[in-house]
1. Can you report the number of residues in the range 20-33 which are open to solvent by 20 Å² or more (accessible area, probe 1.4 Å) and either under 22 Å from residue 84 (Cβ atoms) or not charged (D, E, K, R) (or both)?
2. For the range 19-53, give me the residue count where each residue is within 12 Å of residue 79 (Cβ to Cβ) and touching an Asp or Glu at 6+ places or on another chain (Cβ under 6 Å).
3. Please specify each residue of the range 50-90 satisfying the condition of being modelled with pLDDT of 95 or more, open to solvent by 20 Å² or more (accessible area, probe 1.4 Å) and of a type in the set (Asp, Glu).
4. Which of (1) out of contact with any Ser or Thr (no Cβ under 9 Å at 6 or more places or on another chain); (2) modelled with pLDDT of 95 or more; (3) in a helix (DSSP H, G or I); (4) open to solvent by less than 80 Å² (accessible area, probe 1.4 Å) does residue 47 not meet, given it meets every other one?
5. Test residue 10 against the stated conditions and say whether it is outside any loop (DSSP other than H, G, I, E, B) and surrounded by 15 or more Cβ atoms within 10 Å (Cβ to Cβ).
Amino acid sequence: MLCFEDCVALSGLTEDEIDAIAQHEHLPEIVALELGTYLLHQPDGTLKIRRMILDDIANAEASGNAERLLILKATLRHFVDTHPDNPKNR
């Protein structure tokens, strides 16, 4: 049986990226992992995930949550660096 960590390892996403999707879409982490994995295989999927993370960054800024803001900015940087297939990520 696969555990959550096994699924993360197979997904192509980090736990922080999955957490950003979960927060943005108001989903449990395992469902966000499935959604993120699906999106990575869609033509505009990386752009959609990038937009979710950017929206989460804006929400963290608006709420004054500096710790969350730093985590999300690092998450975005990692996502862009590891998914350069999208021209918008360059």
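1. Qualifying residue count, the range 20-33: 7.
2. 1
3. 55, 61, 67
4. (2)
5. So residue 10 fails the test.
The values are calculated or read from the model by the stated rules, or taken from the named source; none is laboratory data. Small disclaimer: the values here were computed from a predicted structure and weren't measured. No Cβ is skipped: glycine too gets one built from the backbone with ideal geometry, and neighbour counts run over all protein chains shown. Heavy atoms of the whole protein, side chains included, go into the accessibility calculation; ligands, DNA and RNA do not. Shrake-Rupley method; radii C 1.70, N 1.55, O 1.52, S 1.80 Å.
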